[in-house]
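Below is one structure; the comments refer to it alone.
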Amino acid sequence: MLSFSAAYSKTKMINRILLLACFLSGAASLFYQILWTRAFSLMLGSTIQAAALIFAAFLTGLAIGAWLFGRFSARLRRPLLAYVVLELGIAVAAVATGLILHHNADSIGAFLGDGATKYTLVFLLAVGMILPPTLLMGGTLPIVLTIAQRNDSRLSIVGRFYGWNTFGAAVGTLVCGFVSIRLLGITSSYYTAMALNLSVALMCALLLAVTRPVASNCPPERSATPRADVLPVPESFLLLIAGMSGALVLSLEVIWARMAGFFLGNRTYAFTLLMFTVLTLLAVGAWLSAKLYNGFVATPSRDPYRVFGNLLALSASAVVVSAAGGWWLIANQVELEANLPDLQTWILGYRFVEAFALLALPLIFLGILFPLAIALSRHCADNIGGTTARYYVVNALGIVVGSLGTGFIGVSYLGSFGMFKLLVAALLLLTCYSVYRSGRPLPVFASVIGMAALGAVLLLPATYPAGLRSGEEILLEVEDEHGVFRATKLRNQNLRVTNNRSELVFHLGAFSTDYVQQMQGHLAIHFNPGARAALVIGSGYGITAGALASYEMIEHVDAVEILPAMVSAADMFMPHNLNYHNNPKVQLTVDDGRHFLVRQNQQYDIISLNVSDPHMPGGSTLFHTEFYDLAKRHLRPGGVLVQHAFGSELAIIARTLAASFPFILFSESYSNGYNVVAAMHPLEDRVGLQMDLPATAVRQLRISARGRPIIRPKFLNYDQLPPNLHTDIVASDDFPAVEFSWNPGLKTLFINE
């Protein structure tokens, strides 16, 4: 009796250590994925296409690794030793890869160039660079399950271990996104992830020292010969479930990321919170799959087909509820949150509850499918590592198809709510197929739930709530891979342009918009009257590019805008943009601004920048020392950089500019910031001179001013700024202090400024 008790306690202790190892390993993996994605966004541009290809490359490496290591995991005499080696290898390879990418981002981006082969090169580069660490990461789950099975033969361990690994990934996302990068920076975050891998290796090495190498500590729960305790399910059906669950989950995640852009916001913290919610709920689903599998063992007569049919029908209904709930929240969030106590203090918790409530049911039901399919495989008991690897590859393929298909094709042609309807239809078809394979009548539960989902999906709206006030009218709405672009005519006839929730530029038609945007061009010419070539990053309405092109001495203007809808809608912004898009001097390009500049050999006399929100991923890098060093390399002697600087982190932006350029001047713009002129040569000698503006530009300013005087800009140097705009913090690629700011309060973690 004592011997049995001791053996049981030892088995329990081993599996608890392995569960903790799975948790920490999952956390480290998401650290690396987040940090690698940031590095690739610097070298390739902060575009949807680049992010999707990097994600696909990450999954490709994991899938190949799972397949390779899963093939021989069952034959390992000491799989625990192999796991220790894998974690040590990940610690070294992942950090080395990350630091190479981090410190050479602009150089690699310049090498890639542009053109029709760009995205093929991007994918091949991403796979080649991160393949060594992702191969090792992919091998961890099959091997750790092999170890666990030799201590606990119950196949419910698949759901338990997969769940803890996924929950570790969720916590890693939260810690990296909310804490590590903000407090430690990028390089130290890599070392934090390395510490997690080394901790896992140390724990398992100590465990290795106290355990003997055995092939198996207990007999398998099932052998290759089918038993009567569980209805045999063909591998083809289970693999279909594994692949479709991956495609459906990632397709929904893409749509919810779009939806979250409305009710969470477009900032980094909003996406981090969404990812934490998604991964946590998938972990809950995996844990429930373990309970469900134990039910199969306890009730041999239970039909797996009917169970999958019920789960799929429930998932279809849950997707409809989630879509309708998201629409309602977007339409009513302001009124709802106005009644919440102490919103500013508890905004993080409230937003998590909102996301959790919307996503809980569909993700929990869908999260059950994949680990349950693995556990029900007739091969799982004899080769749990190899079986897991095979299903993991199919699931990863589904994830890539669902992610890329929805992000690049689905939402552009069908819209978010059209995709919701398509996914519900796919789930109901799978429900019917499951029932068909069972050979029994359609379960009453699945029938009722499925019919309810089918009826409800027909009532879903076609698009997101407009949020229009009396007298407002949507003139243009386009949903593409970048978001939902809207141009809305206001009651005063001005135009508001938004992408999801973010207001891209202040209202077109307001005098302040014409004045500030034009002045970015006029100030540049004033301080560099011999300018011939200009670059405008963040062209927006095109007002700055139009103002620059109005000068006779300007021969060429490169105007770069990341949103294609903003460029195609240029006719709507006339006459304020001075017809810039039809001016032969102007070359329009849809691209990420930093990536565009990295690829250029051309030198400019003027570089003008205007970003809608300095906290946004991608846009925030245009306020880093590395970008200013890049800009200086592309400025001719006497050249100037003009940037619109504003927002709660204006002090950091001003300090970073002052640290990068020896001469800077600040001119007030709107009511919350400055147009900053920066150069490598003195600027003060032109401060008092009259600004001679092109006649077309003056005429447009007078029209929008409606009789108000056009005030000449006043200039301040850095030392003359108010005391609250002075700080010692400098933003850089390694310490992205603007993007990861918590100032002035928690509410700004989610909203744009």
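Just so it is clear, none of the values below were taken in a lab; they were calculated from the coordinates. Just so it is clear, the structure is predicted and the values come from calculations on it, not from any experiment. We place every Cβ from the backbone using ideal geometry, glycine too, and count neighbours over all the protein chains shown.
Based on the Cβ-Cβ distance of Ala209 and Ser188, what FRET efficiency does E = 1/(1 + (r/R0)^6) give at R0 = 51 Å, to the nearest 0.05?
Given R0 = 51 Å and the Cβ-Cβ separation, E is 0.95.
Determine the relative contact order of the stretch 473-596: mean sequence separation of Cα pairs under 8 Å and six or more apart, normalised by residue count, in whole percent.
Values: 216 pairs, mean separation 22.7, N = 124.
Result for the stretch 473-596 is 18 percent.
Residue by residue through the stretch 467-483, which ³J(HN,Hα) values in whole Hz follow from phi under the Karplus form 6.51 cos²θ - 1.76 cosθ + 1.60 (θ = phi - 60°), with glycine and proline marked x?
With coefficients 6.51, -1.76 and 1.60, one gets x, 7, 9, 4, x, 9, 8, 7, 8, 8, 9, 9, 10, 9, 5, 8, x Hz.
Would you mind putting 284-297, 388-401, 697-710 in packing order, based on average other-beta-carbon counts within 10 Å, highest first? Each step should come with its number before you reach the end.
Details: 284-297: 20.4, 388-401: 23.6, 697-710: 13.9.
Top of the packing list down: 388-401, 284-297, 697-710.
Ser236: net charge of surrounding residues, Cβ under 14 Å, Lys/Arg +1, Asp/Glu -1, itself excluded?
Every neighbour counted, the sum reads +2.
How high is the relative contact order of the chain, given as a whole-number percent (alpha carbon pairs under 8 Å, six or more residues apart)?
Working: 1381 pairs, mean separation 114.1, N = 753.
Relative contact order here is 15 percent.
What are the ³J(HN,Hα) couplings of the stretch 12-18, residue after residue, when phi is run through the Karplus curve with 6.51, -1.76, 1.60 and θ = phi - 60°? Round to Hz, x for glycine and proline.
So the J values, rounded to whole Hz, are 5, 5, 5, 5, 5, 5, 5.
At what distance in nm do the modelled label points of Ser447 and Ile711 sit from each other, each positioned 7 Å from its Cα along Cα→Cβ?
The modelled label-to-label distance comes out at 7.5 nm.
Taking the chain as the reference, fit the longest principal axis to its C-alpha atoms, fit the long axis of helix 511-527 to the helix C-alpha atoms, and give the angle between the two in degrees, 0 to 90, nearest 10.
Orientation of helix 511-527: about 70 degrees from the principal axis.
Under the Kirkwood approximation applied to all pairs of distinct alpha-carbon atoms, what is the hydrodynamic radius of the stretch 601-700 in Å?
Every distinct Cα pair counted, the radius reaches 14.5 Å.
Which ³J(HN,Hα) values, rounded to whole Hz and listed in residue order, are derived for the stretch 624-636 from phi using the Karplus coefficients 6.51, -1.76 and 1.60 in 6.51 cos²θ - 1.76 cosθ + 1.60 with θ = phi - 60°, glycine and proline given as x?
9, 4, 5, 5, 5, 5, 4, 4, 4, 5, 9, 9, 6
Round to the nearest 10 and give me the degree value, 0 to 90, for the angle of helix 118-149's Cα axis relative to the longest principal axis of the chain.
With both axes taken from Cα atoms, the answer is about 30 degrees.
With N denoting the number of residues in the chain, provide Rg(C-alpha) divided by 2.2 N^0.38 Å, to two decimal places.
1.05
Collect residues whose amide H, placed 1.01 Å from N in the peptide plane, falls under 5 Å from the amide H of Asp591; neighbours closer than 5 in sequence don't count.
Under 5 Å from the amide H of Asp591: Glu561, Ile562.
Taking the alpha-carbon distance from Lys585 and a cut-off under 16 Å, which aspartates and glutamates remain once sequence neighbours fewer than 8 residues away in the same chain are dropped?
Hits, sequence-local ones excluded: Glu552, Glu555, Asp558, Asp605.
Let me see the P(r) profile for the stretch 235-313: every Cα-Cα distance counted, bins of 5 Å, each bin given as a percent of all pairs.
3, 12, 17, 21, 16, 11, 9, 6, 3, 1, 0
Could you work out the mean projected area of the convex hull around the alpha carbons of the stretch 331-461, in square nanometres to one decimal?
12.1 nm²
First select every other residue whose beta carbon is under 11 angstrom from the beta carbon of Val567; then total the charges, Lys and Arg +1, Asp and Glu -1.
Charge balance near Val567 sits at -3.
More than 15 angstrom separation, counting every C-alpha pair in the stretch 62-113; what % is that?
Considering the stretch 62-113, 64 percent of its Cα-Cα pairs are separated by more than 15 Å.
Which cross-chain or sequence-distant (5 or more) residues have an amide H under 5 Å from the amide H of Leu476, H modelled 1.01 Å from N in plane?
Under 5 Å from the amide H of Leu476: Ala487.
Near the amide H of Val611, under 5 Å away, which other amide H atoms are found, from residues 5 or more places off or on another chain, if H is placed in the peptide plane?
His644
How high is the relative contact order of the stretch 452-509? Use alpha-carbon pairs under 8 Å, at least six apart in sequence, and give a whole percent.
20 percent
Which net charge results for the neighbourhood of Thr187, defined as the other residues with beta-carbon distances under 11 angstrom from its beta-carbon, given Lys and Arg at +1 and Asp and Glu at -1?
Net charge around Thr187: -2.
Across the stretch 477-561, what fraction of all alpha-carbon pairs, as a whole percent, falls in each successive 10 Å bin from zero upward?
Result, from short to long distances: 17, 41, 28, 13, 1 percent.
Compute the orientation-averaged projected area for the stretch 354-397 from the convex hull of its Cα atoms and round it to one decimal in nm².
Mean orientational projected area (the stretch 354-397, Cα hull): 3.6 nm².
Would you mind calculating the gained length between Asp342 and Arg699 on full extension (0.36 nm times residue separation, minus the Cα-Cα distance), in nm to one decimal? Don't skip to the answer; put the middle values down first.
Numbers: separation 357, 0.36 × 357 = 128.52 nm, distance 4.89 nm.
Separation in residues times 0.36 nm, less the Cα-Cα distance, equals 123.6 nm.
What's the angle, to the nearest 10 degrees (0 to 90), between helix 384-404's Cα axis and the longest principal axis of the chain?
Between helix and principal axis, roughly 30 degrees.
Students often check this: by mean Cβ neighbours within 10 Å, which of 455-466, 362-373, 195-206 ranks highest, and how do the rest follow?
Those peptides, ordered most packed to least, come out 362-373, 195-206, 455-466.
Which order do peptides 484-493, 533-542 fall in by mean Cβ count within 10 Å, highest first? Walk me through the intermediate numbers first.
On the way: 484-493: 17.1, 533-542: 27.7.
My ranking of the peptides, most packed first, is 533-542, 484-493.
Is the C-alpha gyration tensor of the stretch 528-664 telling us rounded, prolate or oblate? Criteria: a/c under 1.5 is rounded; beyond that, a/b larger than b/c is prolate, otherwise oblate.
Oblate.
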